[in-house]
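Below is one structure, written out as structure tokens; comments come after it.
The values are calculated or read from the model by the stated rules, or taken from the named source; none is laboratory data. These figures come from a predicted structure and were not determined experimentally. Surface accessibility is based on the protein's heavy atoms, side chains included, excluding ligands, DNA and RNA. Shrake-Rupley method; radii C 1.70, N 1.55, O 1.52, S 1.80 Å.
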Amino acid sequence: MLIVSPLKLSRHFPREIGRLHSRKKHSSLLKSSLSSPLYNPLLHSTSRYKKMAEHKLKAAVSFIFLVFSLLQCKLFVHAILDPIDFLALQSIRKALDDLPGSNFFASWDFTSDPCNFAGVYCEDDKVISLNLGDPRAGSPGLTGRLDPAIGKLSDLAEFSVVPGRIIGSLPQSLSQLKDLRFLAVSRNFLSGGIPAALGQLRNLRTLDLSYNQLTGEIPRSIGTIPELSNVILCHNRLSGSVPPFVSQSLTRLDLKHNALSGSLAPSSLPPSLQDLSLSWNRLSGPVDRLLNRLDQLNYLDLSMNLFSGGIPDRVFTYPITNLQLQRNLFTGPVQPPNQVTIGTVDLSYNRLSGQISPLFSTVQNLYLNNNRFAGQVPGSFVDRLLAASIQILYLQHNYLTGIEINPAAEIPLSSSLCLQYNCMVPPVQTPCPLKAGKQKTRPTEQCNEWKG
């Protein structure tokens, strides 16, 4: 169908009507001259009535043209969406349904303009953004599958699906969306692997496939996307190693709660990272050289892995608000270069040794338990604890030999201190976590062995 815009119609019809009027006017002048009283006096009485009839006819023709042009314009407005996009939306709709309690697809009436559908945003005659499902918190979401026809929306820049019960695999056809910048399908039941072809999305900024049932390895092609800023693949069943990421714009990498293994090369992650979460995996090897490069971090969680080697002192100077390194195989002393201003530091359940640095006394929540720390607890910890500046100080299950605190001192109710199972008798009795056990002190032979 040839679609002419209303603007062109409005310019075209007046010119044509003008030409028609001009021809009719020339004809009427000839007729009137021939029927003039100078030639035929008998027609003088009827000439005025003929002119009036001709004027009425012209007006009727003009009105018909006007009505027809308005009807054409109205039809063209509803036919403005690209036919390929129109058919793609129909296929996407057929593969999905509202879960009970959801009313998202109520506005998807294909006899009207699809650009007015909920979640559909257009520019000119193309769909540029598709957000499926009611985004309000607590909405039931959608059920069904993602139809491969989504790859036909050639100008799509944003695609998201709210939490629901979408099953099946991620369509390979997503790789055809060369303008896609935002892809988020989280908290559903997607299965299968992450298509390696997604690496062809060279404009992609955000990839969020978290909280699904995805398996297999993270394709190395994902790491080659040049302008990635957010990669969120947590809470899946992904295995294999963490691919290197080349994007110098990457600020968030969240891969926690998977089955990833292997080590991280010192240059595998860019220094632009601000949020790094790799917890609950099987990653191993040293990370000191890698962490020394990531000086923009404000959140770091490497807990529940098999990382080994030392913790670089420089990490404690980063603008981090929460440092989670617990339950690994880190070894050696820990000596921050300056007073630590991180709000929460958890180094528990490692193999760290040496004396506890007084520079940790400014940490609000400090977990050093289940390590191999020895010696006296610095007095600065006692001062800040009694001043309620420290909320949590867990030192249990180490080889500490003493702490200078008055047995009559009252620990503020807002603070928690645990000292049991060390090489000393705790001078104050304070409640400890259940996991600390019931033994107040470590057996003497263990303390002597550790000293030796």
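Placing one equal scatterer on every Cα of the range 323-452 and applying the Debye formula, the log10 ratio I(q)/I(0) at q = 0.10, 0.12, 0.16 Å⁻¹ is -0.28, -0.41, -0.75.
Just subtract the alpha-carbon distance of GLN446 and GLN429 from 0.36 nm times their residue separation and send over the number in nm, one decimal.
3.9 nm
Per-residue Karplus couplings for the range 114-124, computed as 6.51 cos²θ - 1.76 cosθ + 1.60 with θ equal to phi - 60°, are listed in order as x, 5, 9, 5, 4, x, 10, 10, 10, 9, 6 Hz, Gly and Pro entered as x. Heavy atoms of the protein chains alone define the surface here; on that basis the range 322-452 has 47 Å² accessible area per residue at 1.4 Å probe size.
The Rg/Rh ratio of the range 172-302, with Rg taken over Cα atoms and Rh as the Kirkwood radius over Cα pairs, comes to 0.94. Just so you know, the averaged projected area of the alpha carbon convex hull for the range 153-212 sits at 3.6 nm².
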